[in-house]
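Here's the structure we're looking at; comments come further down.
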Amino acid sequence: MAAAGARAVHLNGSDAALLRLAQQSLGENNFRSAATVFCTDLARSLSAARITLGWLVKEKIKLIAVSNSGSAELEADQAELLCAAMHEAIDQGVCLQFPAPADALPARHVLRTQRTLSRTTQGSVMTVPMTGRGQMRGALVIEFAAIDPMTPDLLQLAQSAAHVMTPLFSLLREREAPWYQRLRGTTPSSRSSAAKRRMWRYLAGTASLLMLAALLVPINHSVSAPARIEGEVQRVVASPTKGYLKSVKVRPGDRVTTGQLLAELGERDLELERTKFKSEVAQHEGASAVAFAKGDRAAMSMSQAKADEARAQLGLVDHQLEQIQLTAPIDGVLIQGDLAQSIGTPIDRGQSLFTIAPVNRFRVIVELDERDIRAVAVGQRGELALSAMPWDTLALTVKRVAPMATLVENRNVFELETVPGDALAEVRPGLRGTAHLNVGQASLLAIWGTRAVNALKRWSWRWTP
């Protein structure tokens, strides 16, 4: 009874007490300090042994302040029990007290954690939910040293204090939130959990509808494949005879004109052969004259035949001497044949030395995967983006489809010859890029579904006995 009387002394002027609590708490710089001052002052007003404030953070209670303490550090078991008591009151949405007043109606609320906490502390316990803007923000656990039922006035003062301070604590909590949460309006006190769930459901539904529409709406369907630039007509300059490289006049990238000297082959071996065959011609003609003077018709005929053979060989050597100077067969640019470091190297007859392509006449070879060949036909259009110039695209038209696949970089591909539109000034033979060929209209669902079905068919066929 003495304890109850002591408590009743502080009930006079409860409004002034609430104002004092608010004034003392808001004088602090941060949420934790303000909560600590509030718990301490409220414990003094209620003559409580300890008051603990917990705040909901992502649907979980976080202990913020303990009366008469600079921090909310408690033993693990004690902190867990306090959090459970707060959740018990928050989940039921009512103020719980144990033991209940004698004149109270039979309890219809769960008080299991409150009873356990009361037995642990050997005193009475009251847990008051803190509500603001229609949302549970946290809870106060008020512990008393004696096991006495709470008087209505004490309960009213505790509930009023929690009701008054919850919006103020919410503002402090919001002020300390990171800038990006304040910018997006997602601070802990900015919207209720139910509103958040409704918003996320709305966003998820909208995203699902947009995704479904994107999957079902027909779009321009295209197949992509690597591509390379080649000259429309490429001429190869080969060695007309066996010999060695004497001099080189051009290098790849140089522009050449028809008849321009590209390189010279060594003529020493041919000159030796020419001298040899000339002496044989003179020798056989002399033998023919001697046989004629002797009247030996058979020897004369044999000598004349050998002389004719030597003359034919001499003519072949003269023809080869005329071809030791390699000239450009067309106007264009040299794309292959860097032989400046190969002077003096032996060369076989027919060996490719230079490749020349026209300057402004190109074709694009598309290396289309065999899985997409059924969708492509002559006359279809597309675009090419070169790796060197990805910001510009080149229009394409399929001119010819190779009848047989070839192996390119471990891929079985069909080479499509396409005709480019207006060529860019920077385009050169040898550039590579990616081509997109338009093959009609289809939805993303149909495109991906067809590929998945085809892959499944191939897999099942491989493993079907």
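The values are calculated or read from the model by the stated rules, or taken from the named source; none is laboratory data. Predicted model only: the values in this text are computed from it and were never measured. Glycine also receives a Cβ, built like all others from the backbone with ideal geometry; neighbour counts cover every protein chain displayed. Surface accessibility is based on the protein's heavy atoms, side chains included, excluding ligands, DNA and RNA. Shrake-Rupley method; radii C 1.70, N 1.55, O 1.52, S 1.80 Å.
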**Request:** Confirm whether GLY379 is at positive phi and at pLDDT 85 or above.
**Result:** yes
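Condition check ((1) in a strand (DSSP E or B); (2) in contact with a Lys or Arg (Cβ under 6 Å, 6 or more places away or on another chain); (3) modelled with pLDDT of 85 or more; (4) open to solvent by 60 Å² or more (accessible area, probe 1.4 Å)) across all residues:
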residue: ALA72; (1), (2), (3), (4): no, no, no, no
residue: ASP77; (1), (2), (3), (4): no, no, yes, yes
residue: LEU105; (1), (2), (3), (4): no, no, no, yes
residue: THR116; (1), (2), (3), (4): no, no, yes, yes
residue: ALA139; (1), (2), (3), (4): yes, no, yes, no
residue: ALA146; (1), (2), (3), (4): no, no, no, no
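Going by the conditions given, is VAL364 within 28 Å of ALA227 (Cα to Cα), of a type outside the set (Asp, Glu) and out of contact with any Ser or Thr (no Cβ under 8 Å at 6 or more places or on another chain)?
no
Can you name every residue in the range 425-453 that is closer than 21 Å to ASN360 by Cα and surrounded by 15 or more Cβ atoms within 10 Å (Cβ to Cβ)?
Selection gives VAL427, ARG428, PRO429, LEU431, GLY433, THR434, ALA435.
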**Message:** Step by step: first the residues of the range 32-59, then only those that are closer than 24 Å to ASP91 by Cα and assigned to a loop (DSSP other than H, G, I, E, B), then the one that is most open to solvent (accessible area, probe 1.4 Å). Which residue is that?
**Reply:** LYS58
**Request:** Working carefully through the options VAL439, VAL408, VAL419, VAL413, find the one that is of a type in the set (A, V, I, L, M, F, W, C) and over 28 Å from the mean Cα position of the chain (by Cα).
**Result:** VAL419
**Request:** Could you check the range 150-237 for helices (runs of 4 or more DSSP H) lying wholly inside it with 1 or more residues that are out of contact with any Pro (no Cβ under 9 Å at 6 or more places or on another chain), more than 30 Å from LEU445 (Cβ to Cβ) and modelled with pLDDT of 80 or more?
**Result:** 152-175
**Request:** Kindly establish whether GLY123 is closer than 22 Å to ALA65 by Cα, part of a loop (DSSP other than H, G, I, E, B), open to solvent by less than 30 Å² (accessible area, probe 1.4 Å) and modelled with pLDDT of 80 or more.
**Result:** yes
**Fill in**
Pairs returned, first residue in the range 82-101 that is touching a residue at least 40 places away in the same chain (Cβ under 8 Å) and within 16 Å of LEU154 (Cβ to Cβ), second residue that is open to solvent by less than 30 Å² (accessible area, probe 1.4 Å) and assigned to a loop (DSSP other than H, G, I, E, B), beta-carbon separation under 6 angstrom, 6 or more apart or interchain, are GLN97/MET150
**Message:** Please verify whether VAL364 is of a type in the set (Val, Ile, Thr) and in a loop (DSSP other than H, G, I, E, B), treating the condition exactly as stated.
**Reply:** no
**Request:** Tell me which residues, restricted to the range 324-349, are in a strand (DSSP E or B) and among the hydrophobic types (A, V, I, L, M, F, W, C).
**Result:** LEU326, VAL333, LEU334, ILE335, ILE347
**Request:** Among the residues of the range 211-252, count how many are of a type in the set (D, E, K, R), surrounded by 14 or more Cβ atoms within 10 Å (Cβ to Cβ) and more than 15 Å from VAL359 (Cα to Cα).
**Result:** 4
**Item:** Among (1) in contact with a strand residue (DSSP E or B) (Cβ under 8 Å, 6 or more places away or on another chain); (2) at pLDDT 80 or above; (3) farther than 22 Å from VAL248 by Cβ, the one test that ASP331 misses
**Value:** (3)
**Prompt:** For the range 354-409, how many residues are of a type in the set (Phe, Trp, Tyr) and either in contact with an Asp or Glu (Cβ under 9 Å, 6 or more places away or on another chain) or open to solvent by 40 Å² or more (accessible area, probe 1.4 Å) (or both)?
**Reply:** 2
**Item:** Among (1) in contact with a Leu (Cβ under 9 Å, 6 or more places away or on another chain); (2) in contact (Cβ under 8 Å) with a residue 60 or more places away in the chain; (3) acidic (Asp, Glu) - the single one ASP369 does not satisfy
**Value:** (1)
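Given the criterion closer than 30 Å to LEU431 by Cα and loosely packed, with under 14 Cβ neighbours inside 10 Å, identify the matching residue among ARG255, ARG297. Before you say what the answer is, go through the steps one by one.
Details: ARG297 fails: closer than 30 Å to LEU431 by Cα.
Exactly one of ARG255, ARG297 is closer than 30 Å to LEU431 by Cα and loosely packed, with under 14 Cβ neighbours inside 10 Å, namely ARG255.
Taking the condition at positive phi and out of contact with any Lys or Arg (no Cβ under 8 Å at 6 or more places or on another chain), does GLU409 pass? Break it down into steps so the answer makes sense when it comes.
Values: at positive phi: yes; out of contact with any Lys or Arg (no Cβ under 8 Å at 6 or more places or on another chain): yes.
It is true that GLU409 is at positive phi and out of contact with any Lys or Arg (no Cβ under 8 Å at 6 or more places or on another chain).
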